[in-house]
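Structure record follows, encoded as structure tokens.
The values are calculated or read from the model by the stated rules, or taken from the named source; none is laboratory data. Here the structure is a predicted model, which is why all the values come from computation and not from measurement. With ideal geometry, Cβ positions are generated from the backbone for all residues, glycine too; neighbour counts draw on all protein chains shown. The accessibility values were calculated without ligands, DNA or RNA, using every heavy atom of the protein model including side chains. Shrake-Rupley method; radii C 1.70, N 1.55, O 1.52, S 1.80 Å.
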Amino acid sequence: MGFLDGLWRGRESDFDSGSAATNSIRLTKRHSQVSLTKQGAATGNLRINLSWRMRTSDISGVQRESLLRHPFKALKPPEVVGHSQSMVNVDLDLGCLYELKDGTRGVVQPLGGYLGDVNAPPYVKLSGDDRFGSASGETIYVNLDHKDAIKRLLLFAYIYDQTPAFDRTHAVVTLYPSNGPRIEIGLDERHPQARSCAVVMIENVKDEILVRREVKFVYGFQGELDRLYGWGLQWGRGHKSKAER
């Protein structure tokens, strides 16, 4: 346990975030794709956030109240709360496999501190590693002012350590373009033993930036996602240091 796939260390740079819209588009199996170009949102910094929350009933079981003693409390839905280490020991990470037009391929992810760069290749930057599912979650920025250099980006999530629990985390990946509605992809399919999930593909197709829902769960880690999508990287074994944890 505690060992995943790792690659080389990326560069670091400061960046500005785009503005968030108040409305949203939810990508589903039936409606799985949206064009940022057609929405006028294919410029600026695209912010991509992974957040996860758990119901208390998922942690401690459903506790039913007596209708006679607490007639209104019994009808109250289970409280939704951000989890903490004391509640559940799950660490979700957000990563991105990238391929540029010049053939450069690599990964941006918390493991190994491969945080990327938003102002230089690969124009993808991870803001940090959230260990406990805080309100801010984990965030990746993509600089779409350099979209002509980008061929495809695969955003993925994986459980770093402990018991697989995608079916209990209520995880959501949200894309915040510089203009227009935010785009949401829920990881709500039941795959109790899965450790990784390919969430969304961002592709430059004939100068149009397309966002496509994937939501494909696998039982391995980044190397298995690589093989599934034909990235062709060489993966080694890696783990987080105490500082990264």
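Quick one: which residue in Thr37, Thr56 is surrounded by 14 or more Cβ atoms within 10 Å (Cβ to Cβ), modelled with pLDDT under 50 and under 24 Å from the mean Cα position of the chain (by Cα)?
Details: Thr37 fails: modelled with pLDDT under 50.
Answer to the selection: Thr56.
Would you mind finding the one in Leu233, Leu228, Leu210 that is open to solvent by 60 Å² or more (accessible area, probe 1.4 Å) and either farther than 14 Å from Phe166 by Cβ or at pLDDT 95 or above (or both)?
Working: Leu233 fails: open to solvent by 60 Å² or more (accessible area, probe 1.4 Å); Leu210 fails: open to solvent by 60 Å² or more (accessible area, probe 1.4 Å).
After applying the criteria, what remains is Leu228.
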TODO: Check every one of the strands (runs of 3 or more DSSP E) wholly within the range 102-197 and list those with 1 or more residues that are open to solvent by less than 40 Å² (accessible area, probe 1.4 Å), modelled with pLDDT of 85 or more and among the polar types (S, T, N, Q).
DONE: 138-143, 172-176
